[in-house]
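The values are calculated or read from the model by the stated rules, or taken from the named source; none is laboratory data. Here the structure is a predicted model, which means the values were calculated and not measured. Using ideal geometry, Cβ is built from the backbone for each residue, glycine included, and neighbour counts are taken over all protein chains shown. Just the protein is used for accessible areas: all its heavy atoms, side chains included, with ligands, DNA and RNA removed. Shrake-Rupley method; radii C 1.70, N 1.55, O 1.52, S 1.80 Å.
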Amino acid sequence: MASLFSTGTVTERQGAGETLFRFACAAAATLLMTALAGVVVSLAIGGWPAFRAFGPGFLFTATWNPVTEIYGAAGPIVGTIVTAGIALLFALPLALGVAIFLVEFCPATLAPPVAVAIELLAGIPSIVYGMWGLFVLAPWFAEHIQLPIALSTTPGSWADAFFSGTPNGANIFTASLVLAVMILPYMAAVFRELFLTVPAQVREAAYGLGCTPLEVVRSITIPSVKRSMIGVIMLGLGRALGETMAVTFIIGNAHAMPRSLFDGGSTIASTIANEFTEATGVLHEASLVALGLILFLMTFAVLALARFLLQGSER
């Protein structure tokens with residue numbers, strides 16, 4: 001410590017070590033950007049045969065037939081968006097509720113172990129969630145939810161169209177539930193950390209003025225961290241968009257456009273995981289790589305949207 005403040009001016013201390021340090025930092029940043037650019041270029045080159053063969057129709061066609069060599073990405077794209085959206089719809093309010101409970105209502109001696117348990121849940125491998133969904137959730141859902149609804153709906157009604165599907169529990173909705181379970185601990189843990197950054201004195205002052213817990217959360221806690229909350233939501237959505245193994249286990253793996261909430265479907269990640277080892281034709285491989293490029297661009301768009309919303313809230 002003494003050498004930092006006693007040996008000459010800042011300019012004099014900028015020797016070879018400082019230059020090497022700056023070069024190492026710049027090299028790390030350059031390496032990252034080069035790797036990112038390399039991934040994009042590789043995906044674009046690998047997927048080009050599919051884009052050249054099918055044109056813009058690749059994005060809007062749901063046909064996926066390796067026998068006739070006709071491929072369209074509409075089914076996996078819609079499946080990815082729908083499952084991630086439903087998962088976020090379930091996970092967001094629950095994650096907020098868990099985080100608020102741990103910060104505002106949970107006894108001080110109980111909050112730390114519960115928080116650790118939530119963080120452990122966030123670290124469970126996705127394949128474990130997939131096996132739970134396939135062997136536990138899907139049979140239970142098919143017997144207690146899907147089949148009773150199918151038997152109670154009138155053929156030809158809107159409910160029949162909305163809830164139709166093979167009653168085996170492997171469908172878009174149960175895949176969304178598994179995704180929600182997966183992103184819930186992660187979002188709850190980060191929300192809790194955000195809420196703890198609000199100074200306790202501020203919350204205690206609000207309670208001292210007669211505010212209720214709901215008023216403190218609504219008027220003090222959430223407004224203080226709302227910009228960071230947007231980032232957490234987008235990160236949760238990004239994980240749901242890119243999740244592979246858990247969804248592959250339970251979504252049904254049908255390439256057609258899902259026609260109802262309980263219909264089988266596929267996501268971009270599940271399609272790639274299922275078929276890449278079996279793809280032998282040039283167009284088949286190129287179509288899978290093109291799907292990877294589309295998933296990359298979707299994830300990038302989510303992060304760009306998060307950045308845009310954060311800038312808007314700053315203004």
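Which residues, taken from the range 85-97, are under 24 Å from Val225 (Cα atoms) and either under 12 Å from the mean Cα position of the chain (by Cα) or open to solvent by 50 Å² or more (accessible area, probe 1.4 Å) (or both)? Walk me through it before giving the result.
If we filter the range 85-97 for residues that are under 24 Å from Val225 (Cα atoms), which is where we start, we get 85, 87-97.
The answer is Gly85, Ala87, Leu88, Leu89, Phe90, Ala91, Leu92, Pro93, Leu94.
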Practice prompt. Among the residues of the range 120-147, write down those that are exposed (fewer than 14 other Cβ atoms within 10 Å of the Cβ) and assigned to a helix (DSSP H, G or I).
Written response: Leu120, Ile127, Val128, Phe135, Val136, Pro139, Trp140, Glu143, His144
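Of the residues Glu215, Glu193, Glu204, which is under 14 Å from Leu96 (Cα atoms), open to solvent by 50 Å² or more (accessible area, probe 1.4 Å) and either out of contact with any Cys (no Cβ under 8 Å at 6 or more places or on another chain) or among the hydroxyl-bearing types (Ser, Thr, Tyr) (or both)? Step through it out loud before you land on a result.
On the way: Glu215 fails: under 14 Å from Leu96 (Cα atoms); Glu204 fails: under 14 Å from Leu96 (Cα atoms).
Unique residue meeting the criteria: Glu193.
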Worksheet item: Quick one: Ile272 ticks every box in (1) open to solvent by less than 20 Å² (accessible area, probe 1.4 Å); (2) over 27 Å from Ile145 (Cα atoms); (3) outside any loop (DSSP other than H, G, I, E, B) bar one, so which box is it?
Response: (1)
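Of Gly123, Gly208, which residue is under 30 Å from Thr80 (Cβ atoms) and small (Gly, Ala, Ser)?
Details: Gly208 fails: under 30 Å from Thr80 (Cβ atoms).
Of Gly123, Gly208, the one residue that is under 30 Å from Thr80 (Cβ atoms) and small (Gly, Ala, Ser) is Gly123.
Being assigned to a loop (DSSP other than H, G, I, E, B) and either under 17 Å from Arg259 (Cα atoms) or not acidic (Asp, Glu) (or both) is the filter here; which residues of the range 56-73 pass it?
Of the residues in the range 56-73, the ones assigned to a loop (DSSP other than H, G, I, E, B) are 56, 61-63, 66-69, 72-73.
Matches in the range 56-73: Pro56, Thr61, Ala62, Thr63, Pro66, Val67, Thr68, Gly72, Ala73.
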Discussion item. Please list, ordered by residue number, the helices (runs of 4 or more DSSP H) wholly in the range 206-256 having 3 or more residues that are under 30 Å from Gly75 (Cβ atoms).
Written reply: 222-242, 245-250
